[in-house]
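S.K.: Okay, handing you the structure first.
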Amino acid sequence: MDALVAGIKSSHIDSVLARETERFVATHPRSAALGQKSRAHFPDGVPLHWMTDWGTPFPLFVAKAQGASLTDVDGNRYRDFCLGDTGSMFGHSPEPILRVLAEQGGHGLTYMLPTEDTPAVGELLAMRFGLPFWQVASTATDANRFALRWARAITGRPRILVFNGCYHGTVDETFLRLDADGGAIHRPGLLGQVTDIATVAKVVEFNDLEALEAALADRDVACVITEPALTNIGMVLPEAGFLDGVRRLTRATGTLLLIDETHTISTGPGGWTRAHGLEPDFFVVGKAIAGGVPCAVWGFTAAVAQAMKAARARTGPGHSGMGTTLSANALAMRALRANLEQVMTPAAYAQMLAMSEGVERGLRRIIEVRSLPWHVSAVGARAEFVCGPTPPRNGTQAAKAMHGPLEAAIHLYLMNRGVLIAPFHNMTLTCPATTIADVDHLVATVAGACDALISGVES
Ligand SMILES: Cc1ncc(COP(=O)(O)O)c(C=O)c1O
């Protein structure tokens with residue numbers, strides 16, 4: 001029987017996948033050869049296993065990228081709406097970052113000592129995000145880990161709380177999920193997990209203040225960590241009053257609140273936090289914050305800074321369990337400063353947001369005209385088409401709208417016609433270099449993919 005998957009016949013998904021796979025193989029011989037060669041020393045031919053997650057028969061090898069454009073080793077050009085899954089959200093190799101690379105390249109890259117960029121970066125971060133104190137890490141994963149460790153040190157509480165369907169990097173304690181009966185389980189697929197995460201974390205649904213209140217009532221949670229909108233399971237937007245409720249309940253129970261803006265920095269120059277007046281205790285942003293140079297920052301309030309001192313005095317000297325050798329290296333600090341001063345400007349955001357509105361409008365129209373049971377959600381320069389009829393309220397509902405083979409067929413169809421979107425779900429990002437022509441091409445190609453899937457024949 002030909003089952004329907006989000007309004008599409010499964011046999012059509014299979015035929016599009018088969019056709020597009022064949023086409024990809026025919027047009028990417030050099031990627032195929034490099035993949036084969038790399039397998040000698042890299043499992044599956046890639047230096048990071050996520051690089052095989054694109055639904056392609058072998059990894060796509062890149063020659064170069066600039067602005068919103070990426071070229072593979074076979075000379076195929078792509079309009080890039082993935083942008084390194086946010087790492088290059090301000091475009092590939094922005095001019096000010098190129099200058100930093102040239103200048104700093106001759107002055108040493110990492111000394112494990114501060115440079116004269118330090119006070120300037122502190123001021124830029126404080127002004128932009130509204131928190132007075134900062135630390136710098138190399139990845140958002142690390143920034144989250146360090147902030148959570150501090151939260152435990154400050155409060156003396158063992159647990160953290162996450163929302164179902166969240167992703168905050170590879171932070172062990174965040175890999176807790178709800179099962180169908182509302183029990184806490186490990187995220188499927190987790191490797192090498194030796195401790196029961198439920199002993200150090202709790203999980204409740206996003207947009208469920210009642211469940212949050214119950215979970216915080218024991219006062220054993222050091223910190224709630226959340227994105228303002230969940231962006232890693234399709235997209236789940238906060239309902240009116242939800243984030244205010246999270247703040248109210250965390251304050252009432254002496255629980256700290258970490259807002260992770262690594263993806264929602266797409267909202268505007270100060271992230272969702274500034275746009276909506278959130279008041280986190282900790283604030284994290286990574287990935288694109290230094291224009292593509294590995295870097296992340298985490299900020300905290302004066303009260304947290306004070307509490308850190310007290311915690312340090314209680315613990316006494318010794319290794320804190322936080323920090324990595326390359327964190328806040330000279331190159332990262334310089335790139336961070338240049339990015340904050342010259343790249344993440346209001347003008348850049350105005351362009352990104354305008355282009356993303358075009359993407360959003362175009363995608364909505366595609367769905368409407370074809371009466372597909374899909375919808376579109378957006379957070380600033382990040383727009384997502386979700387193959388489910390209504391916007392999900394929580395992670396459980398969002399997970400039901402994710403359809404692996406359907407999404408893979410769409411992604412492959414787009415890649416074969418010069419469009420990259422994020423491989424994990426259907427996320428598109430615009431950068432300051434994205435043009436109307438890029439947006440038009442993306443929309444026309446998604447329309448073509450939908451028609452091919454609906455009809456089952458090449459369109
Ligand atoms: C919201 C959020 N926080 C943190 C991270 C971790 O970033 P990284 O992998 O650069 O450490 C991610 C990665 O996707 C993310 O989406």
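The values are calculated or read from the model by the stated rules, or taken from the named source; none is laboratory data. Keep in mind the model is a prediction, meaning the values are calculated, not measured. As a convention, Cβ positions derive from the backbone with ideal geometry for all residues, glycine included, and neighbour counts pool all protein chains shown. Each accessible area value is taken on the protein alone, full model and side chains, heavy atoms only, with ligands, DNA and RNA left out. Shrake-Rupley method; radii C 1.70, N 1.55, O 1.52, S 1.80 Å.
S.K.: Any residue in the range 304-318 that is within 14 Å of the ligand (Cβ to nearest atom) and surrounded by fewer than 15 Cβ atoms within 10 Å (Cβ to Cβ)?
M.R.: Taking every residue of the range 304-318 in turn, none turns out to be within 14 Å of the ligand (Cβ to nearest atom) and surrounded by fewer than 15 Cβ atoms within 10 Å (Cβ to Cβ).
S.K.: Exactly one of these conditions fails for Gly234: (1) open to solvent by less than 50 Å² (accessible area, probe 1.4 Å); (2) at pLDDT 95 or above; (3) within 23 Å of Lys287 (Cβ to Cβ). Give me its number.
M.R.: In the conditions (1) open to solvent by less than 50 Å² (accessible area, probe 1.4 Å); (2) at pLDDT 95 or above; (3) within 23 Å of Lys287 (Cβ to Cβ), Gly234 misses (2) alone.
S.K.: Please find, within the range 250-280, the residue that is farthest from Leu125 (Cα to Cα) out of those that are of a type in the set (Val, Ile, Thr) and assigned to a helix (DSSP H, G or I).
M.R.: The qualifying residue farthest from Leu125 (Cα to Cα) is Thr250.
S.K.: Continuing with the same structure: In the set Arg219, Arg247, which member is more than 10 Å from the ligand (Cβ to nearest atom) and either in a helix (DSSP H, G or I) or free of Cβ contacts under 8 Å to residues at least 12 places away in the same chain (or both)?
M.R.: Arg247
S.K.: How many of the residues making up the range 74-90 are open to solvent by 10 Å² or more (accessible area, probe 1.4 Å), touching a His at 6+ places or on another chain (Cβ under 8 Å) and part of a strand (DSSP E or B)?
M.R.: Residues that pass the stated criteria total 1.
S.K.: Identify all residues within the range 423-441 that are open to solvent by less than 40 Å² (accessible area, probe 1.4 Å) and over 16 Å from Gly91 (Cβ atoms); write none if there are none.
M.R.: Pro423, His425, Asn426, Met427
S.K.: Quick check on my filter: what residues within the range 172-183 are away from the ligand (no atom under 16 Å from the Cβ) and surrounded by fewer than 18 Cβ atoms within 10 Å (Cβ to Cβ)?
M.R.: Matches in the range 172-183: Asp179, Ala180, Asp181, Gly182, Gly183.
S.K.: Which condition breaks for Gln306 when tested against (1) polar (S, T, N, Q); (2) free of Cβ contacts under 8 Å to residues at least 60 places away in the same chain; (3) closer than 28 Å to Asn394 by Cβ?
M.R.: (3)
S.K.: One residue is enough: does the range 198-206 have a residue meeting the conditions within 13 Å of the ligand (Cβ to nearest atom), part of a strand (DSSP E or B) and either more than 22 Å from the chain's Cα centre (by Cα) or small (Gly, Ala, Ser) (or both)?
M.R.: No, because not a single residue in the range 198-206 is within 13 Å of the ligand (Cβ to nearest atom), part of a strand (DSSP E or B) and either more than 22 Å from the chain's Cα centre (by Cα) or small (Gly, Ala, Ser) (or both).
S.K.: Going by the conditions given, is Arg187 open to solvent by 50 Å² or more (accessible area, probe 1.4 Å), within 16 Å of the ligand (Cβ to nearest atom), free of Cβ contacts under 8 Å to residues at least 24 places away in the same chain and not aliphatic (A, V, I, L, M)?
M.R.: yes
S.K.: Being closer than 12 Å to Ala330 by Cβ and either in contact with a Ser or Thr (Cβ under 8 Å, 6 or more places away or on another chain) or not in a loop (DSSP other than H, G, I, E, B) (or both) is the filter here; which residues of the range 111-125 pass it?
M.R.: Selection gives Met112, Asp117, Thr118, Val121.
S.K.: Continuing with the same structure: Among the residues of the range 147-171, count how many are open to solvent by 10 Å² or more (accessible area, probe 1.4 Å), more than 11 Å from the ligand (Cβ to nearest atom) and touching a strand residue (DSSP E or B) at 6+ places or on another chain (Cβ under 9 Å).
M.R.: The qualifying residues number 9.
S.K.: Another one. Inspect all residues belonging to the range 121-130 and state whether any of them is open to solvent by less than 10 Å² (accessible area, probe 1.4 Å), among the β-branched types (Val, Ile, Thr) and away from the ligand (no atom under 16 Å from the Cβ).
M.R.: Yes, there is a match, as at least one residue in the range 121-130 is open to solvent by less than 10 Å² (accessible area, probe 1.4 Å), among the β-branched types (Val, Ile, Thr) and away from the ligand (no atom under 16 Å from the Cβ).
S.K.: On the basis of being within 14 Å of the ligand (Cβ to nearest atom) and surrounded by fewer than 24 Cβ atoms within 10 Å (Cβ to Cβ), does Val293 make the cut?
M.R.: yes
S.K.: If the requirement is being over 17 Å from Phe300 (Cβ atoms) and acidic (Asp, Glu), which of these qualifies: Glu116, Glu123?
M.R.: Going through Glu116, Glu123 in turn, just one is over 17 Å from Phe300 (Cβ atoms) and acidic (Asp, Glu): Glu116.
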